[in-house]
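Working notes, structure below.
The values are calculated or read from the model by the stated rules, or taken from the named source; none is laboratory data. Everything quoted here is computed from the prediction, not taken from an experiment. Cβ: placed from backbone, ideal geometry, glycine included. Neighbour counts: every protein chain shown.
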Amino acid sequence: MTISALSTACYGLTNNGIHFTGYPVIGFQNKLQSSGSCLDSNEDNLTTACAWDSRVRGSFFQQSTFTIALSKVKDFIIDVQKLRDMDPNALCGLDLYGGILIRYVKGSTAFMGEQEDSVDFDITCYRSHDPMSPRLDEDVLEEIEQMGLFQYGGLPHWGEG
């Protein structure tokens, strides 16, 4: 499945549980799901293999996710735009994997919740099957990640880093 097919299908999102009527899609995190899943049993004969299915040599990508406090997001985005302006082509490859996905997170006292209103940044980019081959525009992507984590006090996703 390609990004254009996922995009055309609105990544599986719906606004009312049945139809997609447009962005933004708003709801509780535990009720948001998109893009579905793979059938990965021996009985399906790979007829429904997803790009990330380990039985096929499909897509291979690097994903970094971090959260920045809402009060710091504007300045972070301005700094990312400055990086983009230095090399406008450096972020073009991200479009193949959905770009930089941005998600608002309400502050919560829950155990794994964010302490204050925040924004998640999900960066997914191409990764070669060859471990010695660098990521496409790795320098710019690492700079964005490092700025988010260190300069703006971002937190890595709890399942990463």
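Residue by residue, here is whether (1) at pLDDT below 80; (2) under 18 Å from the mean Cα position of the chain (by Cα); (3) loosely packed, with under 13 Cβ neighbours inside 10 Å holds:
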| site | (1), (2), (3) |
| --- | --- |
| GLY93 | yes, yes, no |
| GLN115 | no, no, yes |
| ARG135 | yes, yes, no |
| GLY148 | no, yes, no |
| GLN151 | no, no, no |
| LEU155 | no, yes, no |
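Checking each residue in region 137-146 for being farther than 14 Å from THR65 by Cα and buried (at least 18 other Cβ atoms within 10 Å of the Cβ) picks out ASP137, VAL140.
Count, please, the residues in region 106-136 that happen to be out of contact with any helix residue (DSSP H, G or I) (no Cβ under 6 Å at 6 or more places or on another chain) and assigned to a loop (DSSP other than H, G, I, E, B). Number satisfying all stated conditions: 20.
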